[in-house]
Amino acid sequence: IIGGIIGGSVAWLTATSGPLVNTFTVGDINITLTESENLNLKMVPGNSITKDPKVTVEGGSEACWLFVKIEKSTNYGTYLENPTLAEGWEALTGVDGVYYRKVDATAAATGTEFAVLKDNKVKVKDTVTRSDMETAKTGAPTLTFTAYAVQSDNVADAKTAWDAIPATDKN
């Protein structure tokens, strides 16, 4: 009885913390591919044509591998010189027409625009003839751009990033 009375009158010190809640956010990459409207794409032998595609990594994006795929029609080389890419783009080894650059976290978070073509121009060959131009009236050459982005965190290199893009998106 004495032990019960003594034990019943002893107070124990205790404490409890408040809950610690972790809310996880979602990382994302958003890009746009734009070009000026109303460009004059008329071919004249020897002239340069303004062509200004730009890829923008939108603000709030994650660091990424940024790609641009350039596809030329089969007759493109008859009329136009191969386009020269703007500074910072590198050819992806083993993949024709695909170029890449690595966009760091700061540039991705704040949003950054990247020109695709050097001086925003393509050049008409000075060897194009009148006969070539007549043919182009029904089969004009084309130049098509497509942009892609893949997170760079946990992706070792550009080739690995390119391979991570679903094949259906590359067609």
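The values are calculated or read from the model by the stated rules, or taken from the named source; none is laboratory data. As the structure is a prediction and not an experimental result, all values here were calculated from the model. As a convention, Cβ positions derive from the backbone with ideal geometry for all residues, glycine included, and neighbour counts pool all protein chains shown. These area figures cover heavy atoms from the full protein model, side chains too; ligands, DNA and RNA do not enter into them. Shrake-Rupley method; radii C 1.70, N 1.55, O 1.52, S 1.80 Å.
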Which residue pairs have Cβ atoms under 6 Å apart, sit 6 or more places apart or on different chains, and have a first residue in the stretch 151-162 that is under 18 Å from Ala107 (Cα atoms) and a second that is assigned to a loop (DSSP other than H, G, I, E, B) and of a type in the set (Gly, Ala, Ser)?
-> Ser152/Ala63
Asp119 under 16 Å from Asn47 (Cα atoms) and part of a loop (DSSP other than H, G, I, E, B) | no
Is it true that some residue in the stretch 94-102 is in contact with a Gly (Cβ under 9 Å, 6 or more places away or on another chain) and either among the polar types (S, T, N, Q) or surrounded by fewer than 17 Cβ atoms within 10 Å (Cβ to Cβ) (or both)?
-> no
Please tell me if Glu62 is under 14 Å from Val150 (Cβ atoms), open to solvent by 50 Å² or more (accessible area, probe 1.4 Å), touching a helix residue (DSSP H, G or I) at 6+ places or on another chain (Cβ under 9 Å) and among the charged types (D, E, K, R).
-> yes
What number goes with the only condition from (1) touching a Leu at 6+ places or on another chain (Cβ under 7 Å); (2) closer than 20 Å to Ala161 by Cβ; (3) not small (Gly, Ala, Ser) that Pro83 does not pass?
-> (2)
Exactly one of Ala161, Ala86 is within 23 Å of Asn40 (Cα to Cα) and open to solvent by less than 30 Å² (accessible area, probe 1.4 Å), and that residue is Ala86
Among the residues listed as Gly46, Gly27, the single one being in a loop (DSSP other than H, G, I, E, B), open to solvent by less than 60 Å² (accessible area, probe 1.4 Å) and closer than 30 Å to Arg130 by Cβ | Gly46
All but one of (1) without any contact (Cβ under 8 Å) to a residue 24 or more places away in the chain; (2) farther than 23 Å from Glu90 by Cβ hold for Thr142, so report the exception by its number.
-> (1)
Looking for whichever is outside any helix (DSSP H, G or I) and either among the acidic types (Asp, Glu) or open to solvent by 60 Å² or more (accessible area, probe 1.4 Å) (or both) here; the options are Thr146, Thr56, Thr106, Thr74. Which one fits?
-> Thr74
So Thr16, is it open to solvent by 100 Å² or more (accessible area, probe 1.4 Å) and either of a type outside the set (D, E, K, R) or at pLDDT 95 or above (or both) = yes
